[in-house]
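The structure appears right after this line, and notes come after that.
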Amino acid sequence: PRGFLWGVGSSAYQTEGAWDKDGKGPSIWDTFTHQKGKVLRNETGDSACDGYYRVKEDIQLLKELKVNHYLLSISWPRIMPTGIKTEQLNEKGIQFYNDTINSLLENNITPIVSLYHWDLPQVLQEKYGGWQNISMINYFNDYANLCFEKFGDRVKHWITFSNPWAVAENGYETGEHAPGLKLGGCGAYKAAHHIIKTHAKVWHSYNSTWRREQQGMVGISLTSGWGEPVDPHSQMDRDAAERYIQFHLGWFANPIYRGDYPEVMKNYVGRKSAQQGLGTSRLPTFSVQEKTYIKGTSDFLGIGHFTTRYVLQKTFPFLQVSGYHTDRDLAELVDPNWPVPGPKWLYSVPWGFRRLLNFIKTQYGNPLIYVTENGVSEPAQCPQLCDEGRIQYLKGYINEILKALNDGVNVRGYTAWSLLDKFEWNKGFSERFGLYHIDFTNKNKPRYPKASVDYYKEIISANGFPNPREVENWHRKAMETCSATHQHLAADSLITHMEMVTEIVLPTVFTLCILICIVLLIFYLRNQS
């Protein structure tokens, strides 16, 4: 449709670097990545893409892409080092985001800003246990109100939380993500409960204090795969696929759009808790007042989506220690014929996206949707500037959005994930989601456009797909351009290696020569004496 927004996104911890510069406080991800064995190859986001120092340069990349919007996140500890407003504000951090927002707007790029993409101030984790503690609600609300005060005159699209499922599940149950806690069957549910309440409080704060003056919107960004029953004729498989979605997307969307957790979640977690001999369910409950307060607290729904799974019924035996994954009573499968352009978890299954979008339309009253994350990675060991897999992925998934639009789904924008190759959490730099390649071995971290840049740029300019022949031309031209860029990258890599030789090897050889000369001189003098 006319006015459809096209953009790209990234997040603060994954790109900014400058982890301890200009008054920024430590985040849980700084602490987590500095512990050995937490991240692949012990890599960290300490410098990441050096985005903190290269805002103007990266905005030029956005201009090159011709995007309408850029989705970025604010680092809470960069503007509030301890996470507590009354203790300390970091003016340099506030100025950094002011400059970024102003530069985007000067270039006619709309900022869509997430308040939380996983980098909780470390002090709040140490003092209170992070999202396990109800006090986070007020601390986060203070932080959100500071952002509305400082940036809300220019930012009109706010996201409270980006992918809170991963915050709760990977942060407090599996421990794969910061803060790395393995709190058994309650940790993820408790964290999610506090996050949902926090989201509602922030929405109400904006609604009562800022909306009339600033005229903006506040939503949440939920990431979910699609679950398709292995046997569509089997009621058990259909129910299992429903549980897959309800335990993933519904966990957060249902309270916000319908006032409570999905019934199937309450039933399954409640039953498993009773089997364990627990007096109450491991899934917390909302009071009647809380249900009313939470329901309707989203002006739009951000949707992140990457892949699909086949789902079937699988009953887990009674376990003394149950958790999120066993509570669902299901197993996930993939079709070996699905394309897998990058890591083994991310299969390209475009048709799942249309089904997910239609599910949202039916379940939640056809809300206004912005696609906030959608993309694919390639492995780092073989950098692909001619990223055929990503081009096919973008083509397939964007086409399914068009079909969903024709189904009557209210999608207003699309965000390709992501602008740059960046730090991918516990996977380090081993997966590359960027439309722009970064040579992390080069201290200058130069950016190189992949073929998908040219392809996506054409989609944006045409506001979709004009006709098959035209789209095929885009593909051919993108591949031709990337071949030339690849030669440029190869030449730059050679220069980088030569510089390393010059900077490291030559001084080392020179030092060795001096030492050898000294040793020979000592021998000579001894012989003379």
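The values are calculated or read from the model by the stated rules, or taken from the named source; none is laboratory data. The structure displayed is predicted, hence computed values, not measured ones. Backbone-built Cβ (ideal geometry, glycine too); neighbour counts: all protein chains shown. Please note that ligands, DNA and RNA were not included when accessible areas were found on the heavy atoms of the full protein model with its side chains. Shrake-Rupley method; radii C 1.70, N 1.55, O 1.52, S 1.80 Å.
May I ask for the angle, rounded to the nearest 10°, between helix 55-65 and the longest principal axis of the chain, with both axes built from Cα atoms and the value confined to 0 to 90°?
Roughly 70 degrees between the two axes.
Which of the pairs Lys272/Lys427; Lys295/Lys361; Lys36/Lys427; Lys85/Lys197; Lys427/Lys450; Lys190/Lys266 have their Cα atoms more than 25 Å apart in this structure?
Those over the limit are Lys272/Lys427.
Among Gly216, Ala462, Tyr370, which residue has its Cα furthest toward the positive end of the charge dipole of the chain, with +1 on Lys/Arg Cβ and -1 on Asp/Glu Cβ?
Gly216
Over the chain, with the other protein chains present, what is the accessible area per residue in square angstrom, probe 1.4 angstrom?
Per residue, the chain has 42 Å² of solvent-accessible surface.
HN-Hα J couplings of segment 189-206 from phi, Karplus 6.51/-1.76/1.60, θ = phi - 60°, integer Hz, Gly and Pro as x?
Using θ = phi - 60°, the values come out as 5, 5, 4, 4, 4, 5, 5, 4, 5, 5, 3, 4, 4, 5, 4, 5, 4, 5 Hz.
Where the centroid of each part is defined by its Cα atoms, how far is segment 444-469 from segment 148-199 in Å?
32 Å
In debye, nearest 20, what is the charge dipole magnitude of the chain about its Cα centre with +1 on Lys and Arg Cβ and -1 on Asp and Glu Cβ, if you could check?
820 debye
Order of 469-475, 303-309 by packing, highest average Cβ count within 10 Å first?
Sorting 469-475, 303-309 by mean packing, highest first, produces 303-309, 469-475.
If you line up the long axis of helix 235-245 against the longest principal axis of the chain, both from Cα atoms, how many degrees apart are they, to the nearest 10?
Long axis of 235-245 versus the principal axis of the chain: about 50 degrees.
Lys/Arg Cβ at +1, Asp/Glu Cβ at -1, dipole of segment 369-441 taken about the Cα centre: which of Tyr397, Leu420, Gln384 is farthest positive-ward?
Tyr397
How would His204, His34 line up by accessible area, probe 1.4 Å, largest first?
Highest to lowest solvent-accessible surface, that is His34, His204.
Taking the alpha-carbon centroid of each part, what is the distance from segment 246-279 to segment 329-372 in angstrom?
Each part reduced to its Cα centre gives a spacing of 21 Å.
Mind grabbing the accessible area of Lys190 for me, 1.4 Å probe, Å², rounded to tens?
90 Å²
I need the GluC sites (Glu not before Pro) found in segment 410-469, filtered to DSSP loop residues with at most 14 other beta carbons within 10 Å of theirs.
Loop-located and lightly packed - none at all.
So what is the calculated 222 nm ellipticity per residue for the chain, using -39500 (n - 2.57) for each DSSP H run with n of 4 or more, over all residues, to the nearest 500 deg cm²/dmol?
Mean residue ellipticity, 222 nm, calculated: -14000 deg cm²/dmol.
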